[in-house]
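J.: Here's a structure for you.
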Number of protein chains: 2
Amino acid sequence: MSNATSTDLYEVTMAQSYLNEGMTRSATFSLFVRILPPDRGFLVCAGLDSVLDFLSAYRVDADDVEVFASVLGRRPEDLAPLLGLEFRGEVRAVPEGRVVLAGEPLLEITAPLPQAQLVETYVLNQLNHQTSVASKCARCVLAADGHPVVDFSLRRTHGIEAGHQAARLGAMVGFAGTSNVAAAHSEGLTAVGTMAHSYIEAFGTEEDAFRAFARSHPGPVTFLVDTYDTVRGVATAARVLRDLGLGPGCAIRLDSGDLGALAVQARTILDAAGLRKTRIVASGGLDEFAVDSLVRSEAPIDTYAVGTRIGVCADAPYLDSAYKLVEYDSRPVMKLSSAKVTAPGRKQVFRRPGYADLIALVDERPPPDGVPLLESVMREGRRVSERAELDTARQRFMTDLAALPPGARTIRAPTVPKAELSRRLSSLTADVRRYIEKNLLGGAHEAV
Amino acid sequence: MSNATSTDLYEVTMAQSYLNEGMTRSATFSLFVRILPPDRGFLVCAGLDSVLDFLSAYRVDADDVEVFASVLGRRPEDLAPLLGLEFRGEVRAVPEGRVVLAGEPLLEITAPLPQAQLVETYVLNQLNHQTSVASKCARCVLAADGHPVVDFSLRRTHGIEAGHQAARLGAMVGFAGTSNVAAAHSEGLTAVGTMAHSYIEAFGTEEDAFRAFARSHPGPVTFLVDTYDTVRGVATAARVLRDLGLGPGCAIRLDSGDLGALAVQARTILDAAGLRKTRIVASGGLDEFAVDSLVRSEAPIDTYAVGTRIGVCADAPYLDSAYKLVEYDSRPVMKLSSAKVTAPGRKQVFRRPGYADLIALVDERPPPDGVPLLESVMREGRRVSERAELDTARQRFMTDLAALPPGARTIRAPTVPKAELSRRLSSLTADVRRYIEKNLLGGAHEAV
């Protein structure tokens, strides 16, 4: 089986029908997020690299056809038109790390209709999840206001693959390290770690545990101080660090209780012991809201370790994303029912100063102060450029972040910039709506 | 690289220190959920099969040691004690599909300390995520009150691996099918699917699209009716179904708007067309709360398709789970700081009628009406029994569900049964706490 079976069944049945009907002309699907989750002022694009890997390798082989036939209760011969199908389309997308707003296409795929349809499930899955986590991580970096943030999420992400992505996406927006060994190794990230409560408990006393850890690990160590009683734990850590002549580069970790108040007490104890260069790491259920409160209260915490809530994007574990057909065979299309109206046509987004973004049709002239966000990243099923480095994506994020209006950077109740539709796009939307109301709902069968 | 690098770095540094110190005696770690998320009356155990696969294959090979050394900035020779380490321990666990309560161990691992520590991250990751999703799916089945529930979550789960698990876990608790092709094939599930709005839009009119779909797919079809105007869409679907002599086994799908009210209108139209056996499928942002409301309002919906909110477990995307050292070298241990006190010692849970569960020490005599929940599933690193079939787990779930008090089955604000600690366990907890307060916090170094 290739990756072609990682799909919803209906992509297969629709593609089969398109092939049977000879409906293989060019279609464009547009992927965007309808509205941002609460407390989000922006999104950070992510997942494109995974999507391009998938599309490059996409091919329905004989094993896939067997699987399709088997789950449909049909004979493989019935699905023969799908055999050998590859993705040969064009992808225009906003590069990883760039900041986008609600309604702006993150990606547009233009390909023969069956191809563009078959890849929907995977493309949505990756862009949705990765953009969601990257955006959450970005808010942690903002909240930490210059303090290092590190990723401890692997134990509670939705599987190992999701943990790997969380580590990578954190690094993309500026995290200083990750506890995830495999991700650190394969993505070239800084691996970080301390010790668990079980480690202290196995030794019995904190002092024995701290001394043993330092024996095994030359260089800076981080001692966990809240197993029995935090203030006593800090005092013990300070004594051991002094005895061993350690301190600079070393740290203590607070993992429970009132982190702000305990950090003040810990700082006092460490300073009194002459350990002014011993740092304080805080962890335990932290997210951007908690980090923001701690930073605003000027808690003497040096490093924030975020985990569970970031890795699962706890307050918004999915985005209201959609992969919508906007054009088929040069005919703009849209959906009308309920509140989910989509604007038709292939699009471009022009960023203007202050994030006064303009969503326009792809062939519109850029406004004088506007820069296009979507770039051509794949043609005829092949990547147009080299695989992007994580550093490049981080640089893009940092540049876009610097230009973001202060209100959108706020952690709680941000002011959300809103993209405008160009006059031509608004007018096309109205035209297509009128056409559908008059002709399709009226019963006529031909298309606009 | 083997699976040994799917870990937090601190598991590696702690294990290395244990080996250097000769601390390789038997340790028991206990995995449990401290408190249930809001609106949860119970949990459904899941993930054990993945955990046992991982533990069976666990081995630190030379490539892993290279990775460890590389991320630690050390030489592979420094980590030589880890080379060749395998998991040779014992696992006692509650089988997949069984219902458990807060505080009850889902799993206990007893192994030489470095082994039991090294596997923590993966074990927590899988049991946490899978139990969380299985429990959410179980609530959907309860809410649907006998109506079939199907899984449409793949496009928004946290990666493809998480999507596969959602499909499997739904089936474990009684879902009737999944849209996930790969999962349906490899887990032997019923694959289900309909058509997308893009399919209608590509054809232009609903009638052309419905007829084309029926041409390609002999047998029952499901027509999506809300692309332009739902009521007209249902009328068109009814006309096409009648013209083609279809109906029984076929369905229409509502995917937006007021699903309850639209289902009433759709039922009226279908019945008037003589299509009494054409079913109504509802989808679009459904979770157990929405399904519960629709079922209570007696909406004429036959099948509920749940997706995003279930696959990501939207209202509780993680559990407050912990993997805690409870015994080392026959010495019971616990953590004292903050509210996170853990009870020491190896444990067993006895289920008594009405879920009056008793958490006891492993060597306690069962109460007369109590049945043990934890079973021995792995000894010396090998599975004790065959891999569990999904059907077996489903049977366990159905049996446990039938015995669950009605209050715990409620979708909103359930009455949560609470497990009691046995007298011996309470007394041991008090003893260990006294010991720590007197000896470890007092400065003495020997252990209880």
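J.: Over the whole of A:66-76, what's the average partner chain Cβ count within 10 Å per residue? Rounded to a whole number, please.
T.: 4
J.: Whole-Hz ³J(HN,Hα) for each residue in segment A:258-266, computed from phi via Karplus 6.51 cos²θ - 1.76 cosθ + 1.60 with θ = phi - 60°, x for glycine and proline: what do you get?
T.: 7, 4, x, 5, 5, 5, 4, 5, 4
J.: Now, a different point. Only Lys, Arg, Asp and Glu count, each charged at its Cβ (+1, +1, -1, -1), so figure out the dipole size of segment A:141-311 about its Cα centre, rounded to 20 debye.
T.: 360
J.: Additional query: Tell me the Rg and the Dmax, in Å, that the Cα atoms of segment A:297-392 produce.
T.: Every Cα atom of segment A:297-392 included, Rg and Dmax give 19.7, 61 Å.
J.: How far apart, in nm, are two points set 7 Å out from the Cα along the Cα-to-Cβ line at A:THR268 and at A:ARG215?
T.: 3.5
J.: Another one. Pick from A:LEU19, A:LEU254, A:LEU421: which is most flexible by mean-square fluctuation in a GNM of chain A where alpha carbon atoms under 10 Å apart are linked?
T.: Among A:LEU19, A:LEU254, A:LEU421, the largest GNM mean-square fluctuation belongs to A:LEU19.
J.: Counting C-alpha atoms alone, how compact is chain A: give Rg to one decimal and Dmax as a whole number, in angstrom.
T.: Reported Rg and Dmax, both Å: 26.1, 88.
J.: If you look for lysine pairs in chain A that are eight or more places apart or on different chains, how many of them have Cα atoms under 24 Å apart?
T.: 12
J.: Let me ask something else about it. Once the other residues with Cβ under 9 Å from the Cβ of B:VAL240 are scored (Lys, Arg +1; Asp, Glu -1), what is the net sum?
T.: 0
J.: Among B:ALA356, B:PRO366, B:LEU325, whose Cα lies farthest out toward the positive end of the dipole of segment B:315-406, if unit charges sit on the beta carbon of Lys, Arg (+1) and Asp, Glu (-1)?
T.: B:LEU325
J.: Sticking with this structure for a sec: Find the Rg to Rh ratio for the protein assembly as shown, where Rh is the Kirkwood radius over alpha-carbon pairs and Rg uses the same atoms.
T.: Answer for the protein assembly as shown: 0.99.
J.: Under 14 Å from the Cβ of B:GLU420, count the other residues' Cβ atoms, weight Lys and Arg +1, Asp and Glu -1, and hand me the total.
T.: Computed value for this residue: +2.
J.: Could I ask something else about it? Rounded to whole Å and sorted largest first, list the principal axis extents of the Cα atoms in segment A:141-311.
T.: 41, 36, 25
J.: What does the helix-only formula give at 222 nm for the protein assembly as shown: each DSSP H stretch with n ≥ 4 adding -39500 (n - 2.57), the total divided by the residues, and the result rounded to the nearest 500 deg cm²/dmol?
T.: -12000 deg cm²/dmol
J.: What residue among A:GLY245, A:GLY188, A:GLY163 shows peak mean-square fluctuation when chain A is described by a Gaussian network model with Cα springs under 10 Å?
T.: A:GLY245
J.: Of A:VAL65, A:VAL44, A:LEU118, whose Cα points farthest to the positive end of the dipole of segment A:39-123 (charges on the beta-carbon: +1 Lys, Arg; -1 Asp, Glu; origin at the Cα centre)?
T.: Result: A:VAL44, furthest along the dipole toward the positive end.
J.: Just to make sure I understand: if all protein chains stay in place, what is the order of B:VAL141, A:VAL51 by accessible area at 1.4 Å, largest first?
T.: B:VAL141, A:VAL51
J.: Give the angle, between 0 and 90 degrees and rounded to the nearest 10, that separates the Cα long axis of helix A:390-403 from the longest principal axis of the Cα atoms of chain A.
T.: 90
J.: Modelling each spin label as a point 7 Å along the Cα-to-Cβ direction, I'd like the B:LEU244/A:LYS418 distance in nm, to one decimal.
T.: Taking the simple label geometry, B:LEU244 and A:LYS418 are separated by 4.2 nm.
J.: While we're here: Can you grab the distance from the C-alpha centre of segment B:305-333 to the C-alpha centre of segment A:212-261, Å, no decimals?
T.: Distance between centres, Cα-based: 27 Å.
J.: Related question: Assuming a ≥ b ≥ c are the square roots of the Cα gyration tensor eigenvalues, decide whether segment A:350-402 counts as rounded (a/c under 1.5), prolate (otherwise, with a/b larger than b/c) or oblate.
T.: oblate
J.: Starting from the amide H of B:LEU421, placed 1.01 Å from N in the peptide plane, find each other amide H under 5 Å away whose residue is 5 or more places distant or on another chain.
T.: Under 5 Å from the amide H of B:LEU421 lie the amide H atoms of B:ILE359, each far enough along the sequence or on another chain.
J.: Still on this structure, please answer the following. Given +1 on the Cβ of Lys and Arg, -1 on the Cβ of Asp and Glu, and no further charges, what dipole in debye does the protein assembly as shown carry about its Cα centre, rounded to the nearest 20?
T.: Roughly 1460 debye for the protein assembly as shown.
J.: Using θ = phi - 60° and the Karplus curve 6.51 cos²θ - 1.76 cosθ + 1.60, what whole-Hz ³J(HN,Hα) does each residue of segment B:317-331 get, with Gly and Pro shown as x?
T.: Once rounded to whole Hz, the list reads x, 8, 10, 7, 8, 8, 10, 10, 5, 10, 7, 9, 6, 6, 9.
J.: Now a separate question. Just to be sure I understand the model, the point goes 7 Å from the Cα along the line to the Cβ. What's the resulting A:ASP329 to B:ARG434 distance in nm?
T.: Inter-label distance under the simple model: 8.6 nm.
J.: Right, something else. Around B:PHE289, under 15 Å between beta carbons, what's the net of Lys plus Arg minus Asp minus Glu among the other residues?
T.: Surrounding charge for B:PHE289 is +1.
J.: With loop defined by DSSP as not H, G, I, E or B, and exposure as at most 12 other Cβ atoms within 10 Å, which is the longest segment of chain A clear of exposed GluC sites (Glu not before Pro)?
T.: With GluC sites (Glu not before Pro) excluded where exposed in loops, chain A gives A:1-297 as its longest stretch.
J.: Moving on to the next point. If you roll a 1.4 Å probe over the heavy atoms of the protein chains, what accessible area per residue do you get for segment B:372-448, in Å²?
T.: In whole numbers, segment B:372-448 has 64 Å² accessible per residue.
J.: Further, regarding this structure: Quick one: with label points 7 Å out along Cα→Cβ, list the inter-copy distances for A:GLY245 in nm, shortest first?
T.: 9.5
J.: Hey, another quick one. Using Cα centres only, tell me the gap between segment B:1-60 and segment B:182-210 in whole Å.
T.: If you average the Cα positions of each part, the centres end up 40 Å apart.
J.: Could you tell me how far the Cα centroid of segment A:65-116 sits from the Cα centroid of segment A:355-408, in Å?
T.: 23
J.: When each copy gets a label point 7 Å from Cα toward the beta-carbon at B:ARG365, what are the spacings between them in nm, shortest first?
T.: 9.4
J.: May I ask you to report, in nm to one decimal and beginning with the shortest, the distances from B:LYS438 to the same position in the other copies, taking label points 7 Å along Cα-to-Cβ?
T.: Distances to the matching label points in the other copies: 9.2 nm.
J.: If you don't mind, there's one more thing I want to ask. Output needed: percent of Cα pairs per 5 Å distance bin for segment B:194-282, bins running from 0 to the one holding the longest distance.
T.: In order of increasing distance, the bins hold 3, 16, 32, 27, 18, 5, 0 percent.
The values are calculated or read from the model by the stated rules, or taken from the named source; none is laboratory data. Everything quoted here is computed from the prediction, not taken from an experiment. As a convention, Cβ positions derive from the backbone with ideal geometry for all residues, glycine included, and neighbour counts pool all protein chains shown. The protein model used for the area step is the full one, side chains on, heavy atoms only, and it has no ligands, DNA or RNA in it. Shrake-Rupley method; radii C 1.70, N 1.55, O 1.52, S 1.80 Å.
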